[in-house]
1. Here are some conditions: (1) surrounded by fewer than 13 Cβ atoms within 10 Å (Cβ to Cβ); (2) modelled with pLDDT of 50 or more; (3) not charged (D, E, K, R). Ala5 meets all but one. Which one does it not meet?
2. Which number in (1) modelled with pLDDT of 80 or more; (2) of a type in the set (D, E, K, R); (3) touching a Phe, Trp or Tyr at 6+ places or on another chain (Cβ under 9 Å) marks the one condition that Glu83 misses?
3. Go through the range 99-113 and count every residue that is without any contact (Cβ under 8 Å) to a residue 40 or more places away in the chain and either open to solvent by 20 Å² or more (accessible area, probe 1.4 Å) or among the aromatic types (Phe, Trp, Tyr) (or both).
4. Does Val32 count as exposed (fewer than 15 other Cβ atoms within 10 Å of the Cβ), touching a residue at least 40 places away in the same chain (Cβ under 8 Å) and aliphatic (A, V, I, L, M)?
5. Of the residues in the range 31-58, how many are under 25 Å from Gln130 (Cβ atoms) and not in a loop (DSSP other than H, G, I, E, B)?
6. Out of the residues in the range 43-64 that are open to solvent by less than 50 Å² (accessible area, probe 1.4 Å) and hydrophobic (A, V, I, L, M, F, W, C), which is farthest from Ala107 (Cα to Cα)?
7. Say we look at the range 83-133 and pick out the residues that are part of a loop (DSSP other than H, G, I, E, B) and β-branched (Val, Ile, Thr); which of these is farthest from Asn54 (Cα to Cα)?
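The values are calculated or read from the model by the stated rules, or taken from the named source; none is laboratory data. These numbers come from a predicted model, not from an experiment. Reconstructed Cβ throughout: ideal geometry from the backbone, glycine too, with neighbour counts over all protein chains shown. Side chains are part of the model used for accessible areas, which takes the heavy atoms of the whole protein and leaves out ligands, DNA and RNA. Shrake-Rupley method; radii C 1.70, N 1.55, O 1.52, S 1.80 Å.
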Amino acid sequence: GTLGAVSEMKADMARPSVDRQASWILGSEIEVKILEANPILEAFGNARTVRNDNSSRFGKYIELFFSQRGSLIGAAIETYLLEKVRLIHCEEGERNYHIFYEIMDGASEHELKEYLLDGYDKEDFKIINQSDTMYRRDGVDDQEEFDS
């Protein structure tokens, strides 16, 4: 996948974050932090296209920092949104970025109220209803993704 080279380099541990960040956490904590960022990054950067339900619409540059002993001690990650037009228009059969659907399906009543989304449904927002494609074909549940 997108991180194949990095994964081989450090046993499937590199996952990017949404904004550029430098982490200086010692030991395996940094590996956990990098791994935990993946679902968030995928939600904000992946979308359903005509050919692929989880297509990456972003690029990233990852710089890993190692101690002299070879242990991972930090990372700097920069993410680039490559397909900004998707924010305002989706073709028929495509979905916008997963995060919009995940929030609407997975957020609690309290969260929806806090985000001023209470009383609304996915169909109420042009940003996600214009293609009439609300669901993924690959069986991934938006509510479960939001909760994870």
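1. All conditions are met except number (2).
2. (1)
3. Narrowing the range 99-113 to residues without any contact (Cβ under 8 Å) to a residue 40 or more places away in the chain: 100, 104, 107-113.
From the residues that got through so far, the ones that are either open to solvent by 20 Å² or more (accessible area, probe 1.4 Å) or among the aromatic types (Phe, Trp, Tyr) (or both) too are 100, 104, 108-111, 113.
Residues flagged as without any contact (Cβ under 8 Å) to a residue 40 or more places away in the chain and either open to solvent by 20 Å² or more (accessible area, probe 1.4 Å) or among the aromatic types (Phe, Trp, Tyr) (or both) within the range 99-113 amount to 7.
4. Values: exposed (fewer than 15 other Cβ atoms within 10 Å of the Cβ): yes; touching a residue at least 40 places away in the same chain (Cβ under 8 Å): no; aliphatic (A, V, I, L, M): yes.
The answer is no for Val32.
5. Of the residues in the range 31-58, the ones under 25 Å from Gln130 (Cβ atoms) are 40-58.
Filter once more, keeping what is not in a loop (DSSP other than H, G, I, E, B): 40-47, 55-56, 58.
Qualifying residue count for the region: 11.
6. For the range 43-64, the residue satisfying everything is Leu64.
7. Residues of the range 83-133 part of a loop (DSSP other than H, G, I, E, B): 83, 88-96, 107-108, 115-121, 125, 130-133.
Pick out the ones that are also β-branched (Val, Ile, Thr) and you get 88, 133.
On the way: Ile88: 19, Thr133: 14 Å.
Among those that are part of a loop (DSSP other than H, G, I, E, B) and β-branched (Val, Ile, Thr), it is Ile88.
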